[in-house]
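Everything on this sheet refers to the single structure shown next.
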Amino acid sequence: MAGAEVIGKEEIKEVLEVLETGILIRYNFDVERKGVFKCREFEEAFAKYCGARYALGVTSGSAALKVALMAMDIGPGDEVIVPAFTFLATYEAVMEVGAVPVMADIDTSLCLDPDDIPRKITPYTKAVIPVHMCGAPARIDKIVAVARQHKLLVLEDNAQGCGAGFKGKKLGTFGDMGIFSFDYVKTVTTGEGGMVLTDNKDLADRAEWYHDHGHDHKAAGRAMDGRTILGFNYRMNEIQGALGLAQLRKLDGIIAAQRKNKASIREALKAVKGIGFRDIPDPAGDSATFLAFNLPSEDRAKKFQKALAGQGIDTVRYKDNMWHYVPNWEHFLARSTASSKKYPFNDPGYKGKADYRRENIPQAEDILGRTLVMGIAVKMPEEKIATIKKGIEQAAREL
Ligand SMILES: *Cc1c(COP(=O)(O)O)cnc(C)c1O
């Protein structure tokens, strides 16, 4: 739950500063807002924290994906490679811009397997979206290298890895663009919200234009702004910006607390016979929002999950999950888009034939079947950790 657990007087103070001016929109009203620009301040602080040149706040992580794909000029006729293990939004965003997502396999990092990228490339492939799942990095160095080799754009979906890094560099800054989510259950929350990062001025401009009806944000009055490209409205508001500022200041503390809690629980799990842990390409970069471990077989994982549940310890086996694993999305598999024409799958301009059979992702089928994932809270008092440890010991005896 992370950021939501630590909402307090700092958030209240930031939000009050906005309410005192009454200016809830991020643009214009420069006299009335009396110098309060929370979204702009949040973007600047976020870009600095991550080490990126440009940051753009938007209404959600899903919107951030769409805005980034639009900025990268991905659209009808194009294919985008996306791992089979991700939240549905990554696939939906590709379809929102009229392109078709192509499902790729994961590896022991639980993220996109760089070796599967070449196998999934077709003449229509334009980009790849590595997703840093469950708070820890994908093999992002290899993924970017393979993508570059094949001249594909890279958009990092870092909705779940805010503050996490790889070899000293923050996730979301390796690809051409990176996105973050600040929804209520993410590491930093603004209720709903998202961020787009890039170092590329052209992509930053296009994202900014698209997210606000093509406004160039150059005139003193909104009505006088220059028109650029057609866009839509994904503007972050000042209350979100204010919440984001307060939450960002807490991010390193959140991660430190989670790392400590995760380490204690991991220690207890190590005693379980046959246990393995998710392969984290750079453990120092883990934001520790989740602890993922595995057993030698699906049967044993199911059995251990049941035994843990008997001890009041909840885990997720993502092969069963309805929202994070492509083969379980029956509405997606039935091409049930909101359009009766089943756009973009039936777009006459689309020449590919993406298919979503389990046979295409053998490693995901194996790994996600044997893996259990536990959420790590920021606030886990000693007694709670002790109870979990005892529960693990008891469940292991039943295994
Ligand atoms: C949460 C999430 C999103 C979408 O973010 P929202 O802010 O909820 O729209 C996208 N991708 C992944 C991997 C997510 O976990």
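We did not get these values from a lab; they are worked out from the coordinates using the rules stated. The model shown is predicted, which means the values in this text are computed figures rather than measured ones. All Cβ positions, even for glycine, are placed from backbone atoms using ideal geometry, and neighbour counts span all protein chains on display.
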Next on the checklist: Here is a check on your reading of the model: is THR21 in contact with a helix residue (DSSP H, G or I) (Cβ under 9 Å, 6 or more places away or on another chain), within 13 Å of ALA242 (Cβ to Cβ) and β-branched (Val, Ile, Thr)?
Outcome noted: yes
Next on the checklist: Can you pull out every residue in the range 282-299 that is within 20 Å of ILE388 (Cβ to Cβ) and out of contact with any Lys or Arg (no Cβ under 6 Å at 6 or more places or on another chain)?
Outcome noted: ASP286, SER287, THR289, PHE290, PHE293
Checklist outcome for this item: Matching residues in the range 169-187 (more than 11 Å from the ligand (Cβ to nearest atom) and surrounded by fewer than 24 Cβ atoms within 10 Å (Cβ to Cβ)) number 5
Checklist entry - Looking at the range 29-77, which of the residues that are aromatic (Phe, Trp, Tyr) and over 19 Å from the mean Cα position of the chain (by Cα) is farthest from the ligand (Cβ to nearest atom)? => result PHE29
Checklist entry - How about the range 286-297: which of its residues are under 17 Å from LEU112 (Cα atoms) and either part of a helix (DSSP H, G or I) or in contact with a strand residue (DSSP E or B) (Cβ under 8 Å, 6 or more places away or on another chain) (or both)? => result ALA292
Next on the checklist: Condition first: acidic (Asp, Glu), in a loop (DSSP other than H, G, I, E, B) and surrounded by fewer than 15 Cβ atoms within 10 Å (Cβ to Cβ). Can you find one or more residues in the range 380-399 that meet it?
Outcome noted: no
Next on the checklist: Which residue is nearest to the ligand (Cβ to nearest atom), if the candidates are limited to the range 188-206 and must be more than 15 Å from ALA63 (Cβ to Cβ) and β-branched (Val, Ile, Thr)?
Outcome noted: THR189
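Results for (1) in contact with a Phe, Trp or Tyr (Cβ under 6 Å, 6 or more places away or on another chain); (2) under 21 Å from CYS162 (Cα atoms); (3) of a type in the set (Gly, Ala, Ser), shown as yes or no for each residue.
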position: ARG259; (1), (2), (3): no, yes, no
position: ARG266; (1), (2), (3): no, no, no
position: ILE275; (1), (2), (3): yes, no, no
position: ASP279; (1), (2), (3): no, yes, no
position: ASP286; (1), (2), (3): no, yes, no
position: THR289; (1), (2), (3): no, yes, no
position: PRO296; (1), (2), (3): no, no, no
position: LEU308; (1), (2), (3): no, no, no
position: ASP320; (1), (2), (3): no, no, no
